[in-house]
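First comes the structure, then the notes that go with it.
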Amino acid sequence: MSSDFIDRFDADSPVLGMVHLPALPGAPGYDADGGREAIRRRALEDARTLVDGGVDGIVLENFGDAPFYPEDVPTHTVAEMTAIATAVAEAVDVPLGINVLRNDAEAALSVAAAAGAAFVRINVHVGAAATDQGVVAGRAHETLRLRERLDADVDVLADVHVKHATPIGDGDVRRTALETAERGRADGVIVSGSGTGAATPLEDVEAVADVLGGGDGKTSVLVGSGVTPETVGDCLAAGADGVIVGTALKEGGETTNPVSGERVAELVAAACERDTRT
């Protein structure tokens, strides 16, 4: 276990903002009229607005590609995401993370290694979950060995009871967090609510932070959904080391809308206020 993940950021309690990509070529919702250039332009605009508003890092994901492949996405999706991630990494000077939905850790690591990203998010790293894509199983054994083969300085952030899913087997969030950190050797874990934008139960944050906290071997804990200017302080007070925010930073609070600079600044200010008090 490691606490090095948080050390990648300048802030003690980093705020990571989401860049939700529109549907990529090959996905049912792809807008052929706008084309690749429109997708890349939107990604860069959102990334720059996030950084200008004060976020400490960015997570890039293929949010618009629903319905998602359960595990292995096509090679053209990997290529598109690599091109966009490279452009984003060159445009902003904060750590970049990659999430390839629904659960393609191999693709995420490959994109991250090629684009110079700092971390990946993996929805199901250990165990298994029932999802709208069917049963999705963790491949921690493959993911960490691939990271070694790629010689990639890329951290693994793994969800504990990921959103839009029901865990199969033991539903104890504390035990799952331990398995993820110790046997799955994740560099950090993410605790979320039931779905995109849904509030994360503070009791789950407290439980995971408690079981993974203490000493130099502390594993980073992040809150992964439902964070707002009103709740970010409570999330950090419950033991989270940082937060990942998407919906609350978008115009009108709609996940698929462009990032709002005003909303970003408001949330970052709320997070900083809590850090100042402590």
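Quick query: amide H of residue 60 versus all other amide H atoms, modeled in the peptide plane; which residues come in under 5 Å with a sequence gap of 5 or more or a different chain?
Those lying under 5 Å, H to H, from residue 60 are 19, 97, 98, 99.
Roughly how far apart, in whole Å, are the Cα centres of region 37-95 and region 183-251?
For region 37-95 versus region 183-251, the Cα centre distance is 22 Å.
Which distance in nm do the two modelled labels at residue 146 and residue 269 give, with both placed 7 Å along the Cα-to-Cβ direction?
4.2
Accessible area per residue, 1.4 Å probe, Å², for region 153-251: what's the number?
Result: 37 Å² per residue.
From the phi of every residue in region 155-167, what ³J(HN,Hα) in whole Hz does the Karplus formula 6.51 cos²θ - 1.76 cosθ + 1.60 yield, where θ is phi - 60° and glycine or proline is x?
Karplus values, whole Hz, x for Gly and Pro: 7, 10, 9, 10, 6, 10, 6, 4, 5, 6, 7, 10, x.
What are the ³J(HN,Hα) couplings of region 147-154, residue after residue, when phi is run through the Karplus curve with 6.51, -1.76, 1.60 and θ = phi - 60°? Round to Hz, x for glycine and proline.
4, 5, 5, 7, 6, 9, 7, 10
Computed from the coordinates I sent, P(r) over Cα pairs in 10 Å bins from 0, in percent equals one of (i) 7, 32, 40, 19, 2, 0; (ii) 6, 20, 18, 11, 13, 14, 10, 5, 2, 1, 0, 0; (iii) 6, 25, 27, 20, 12, 7, 2, 0. Tell me the label.
Entry (i).
Can you give me the % of accessible surface on region 8-276 that is carbon or sulfur? Probe 1.4 Å, all protein chains present, nothing else counted.
After summing per-atom areas, the C and S share lands at 46 percent.
Could you state how much accessible area residue 166 has, in square angstrom rounded to the nearest 10, with a 1.4 Å probe and all protein chains kept in place?
90
Within a Cβ distance under 13 Å of residue 150, other residues only, what is the Lys/Arg minus Asp/Glu net charge?
-2
So if we plug the beta-carbon distance of residue 166 and residue 12 into 1/(1 + (r/R0)^6) with R0 = 35 Å, what FRET efficiency do we get, rounded to 0.05? Could you put the intermediate results ahead of the total?
Values: r = 34 Å, r/R0 = 0.97.
Computed FRET efficiency for residue 166 and residue 12 comes out at 0.55.
Determine the relative contact order of the chain: mean sequence separation of Cα pairs under 8 Å and six or more apart, normalised by residue count, in whole percent.
Relative contact order, the chain: 19 percent.
At R0 = 22 Å, how high is the FRET efficiency between residue 66 and residue 37 if r is their beta carbon distance? Nearest 0.05 is fine.
With R0 = 22 Å, the Cβ-Cβ based efficiency is 0.50.
If you plug each phi of region 198-212 into the Karplus form 6.51 cos²θ - 1.76 cosθ + 1.60 with θ = phi - 60°, what whole-Hz ³J(HN,Hα) values come out, in order, with x for Gly and Pro?
7, 4, 8, x, 5, 5, 6, 4, 4, 5, 5, 4, 5, 6, 9
The values are calculated or read from the model by the stated rules, or taken from the named source; none is laboratory data. Because the structure is a prediction, the values reported are computed rather than measured. FYI the Cβ positions are ideal-geometry reconstructions off the backbone, even for glycines, and counts take in every protein chain you see. Heads up: the accessible areas ignore ligands, DNA and RNA and are worked out on the full protein's heavy atoms, side chains in. Shrake-Rupley method; radii C 1.70, N 1.55, O 1.52, S 1.80 Å.
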